[in-house]
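What follows is a short report on a single structure.
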Amino acid sequence: LAKCGIRKTDSNTATAIRTIIVLIFSWIMVLIEASHRTIPSVGTKAWIFLILSGIATGISWLCYFRALQLGDINKVVPIDKSSTVLTIVLALIFLGEGITWIKLVAVALISTGTYLMIHRQDTNAGNPKSKAWFIYAVLSAIFASLTTILAKIGIENVESNLGTAIRTFIVLIMAWIVVLVSGKQHTIKDIPKEELVFICLSGIATGGSWLCYYKALQMGDASKVVPIDKLSVVITLILAFVFLHEQFTAKSLIGCILIGAGTLIMVL
């Protein structure tokens, strides 16, 4: 949905608009669950880590959508989702979550699958921007990993819907600061209606995904929740093939299978 919404639309502007939808969606859930009544009980530590997590998310998003705008979705997504490996390592170091040989095998499969997915001949050879997508995708993965670790700490004693809403507010502020600083606010009126619809739908999908993800993160280990969430990479690549007509090579198909297999093993 996001890819369809940024064909002609500036990626930073699309991110900012998308975040408004996510924020509205998140606060609707907070009000439905009456989670806003618990705001006074949120501790200083929780506020700090939720805010830091929101900042990391904002940076990750901005890098991700810039990468999507510059490169193929079936190249960008696997790199972004490789944050799974980094997140598991960070969870082991900072959250004290155990790691077994099964997890190591899963990490190896996911890493190998990602390698196969991204080492393809670039279709934009000769274009000075053809390599920039890779840098943005890598930065997206790094900050996505930090997002999870910081959120896991911050959301520990906070109702998950409220924690998601707080984080989203920080992301919204960051996204619009970038739009204003880059002078892209004037492009809002030029967004094609069709793309605006896709951007809004992407925001709704993200809001639903986040509410489920942070509830799961609150209840389970980050090293287990993250791989299940990242299984979305397989679904994303299939949808990219069906709806966006992005082609698979035998190498990238094997990579996709390895990523899926590694994720399923991680669940075990």
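The helices (runs of 4 or more DSSP H) found entirely in segment 162-264 that carry 1 or more residues being aromatic (Phe, Trp, Tyr) and under 24 Å from residue 109 (Cβ atoms) are 193-219, 232-243.
Among residues of segment 53-76 that are touching a residue at least 12 places away in the same chain (Cβ under 8 Å) and within 18 Å of residue 168 (Cβ to Cβ), those with a Cβ under 8 angstrom from a residue that is among the charged types (D, E, K, R) and open to solvent by less than 10 Å² (accessible area, probe 1.4 Å), sequence gap 6+ or separate chain, pair up as 53/167; 54/167; 57/167.
Of the candidates 182, 232, 160, 223, the single residue that is under 19 Å from the mean Cα position of the chain (by Cα), polar (S, T, N, Q) and surrounded by fewer than 19 Cβ atoms within 10 Å (Cβ to Cβ) is 232. Residues that are in a helix (DSSP H, G or I), under 18 Å from residue 233 (Cβ atoms) and open to solvent by 30 Å² or more (accessible area, probe 1.4 Å) within segment 61-80 comprise just one, 64. For first residues located in segment 81-105 and closer than 13 Å to residue 222 by Cβ and part of a helix (DSSP H, G or I), partners that are at pLDDT below 75 and open to solvent by 60 Å² or more (accessible area, probe 1.4 Å) and lie 6+ apart or on another chain with Cβ distances below 6 Å form the pairs 92/99. Looking across segment 131-151 at every residue that is of a type outside the set (A, V, I, L, M) and within 18 Å of residue 26 (Cα to Cα), the one that is surrounded by the fewest Cβ atoms within 10 Å (Cβ to Cβ) is identified as 147. Among the residues of segment 91-114, those identified as open to solvent by 30 Å² or more (accessible area, probe 1.4 Å), under 20 Å from residue 265 (Cα atoms) and not aromatic (Phe, Trp, Tyr) are 92, 98, 99, 100, 102, 104, 105, 108, 109, 111, 112.
Within segment 191-207, is there a residue that is open to solvent by 50 Å² or more (accessible area, probe 1.4 Å) and of a type in the set (Ser, Thr, Tyr)? No, segment 191-207 contains no residue that is open to solvent by 50 Å² or more (accessible area, probe 1.4 Å) and of a type in the set (Ser, Thr, Tyr).
The values are calculated or read from the model by the stated rules, or taken from the named source; none is laboratory data. Treat the numbers as computed from the prediction; the structure is a model and nothing was measured. Positions of Cβ are backbone-derived with ideal geometry, glycine not excepted, and every protein chain shown enters the neighbour counts. Remember, those area values only see protein heavy atoms, side chains included, never the ligands or the DNA or RNA. Shrake-Rupley method; radii C 1.70, N 1.55, O 1.52, S 1.80 Å.
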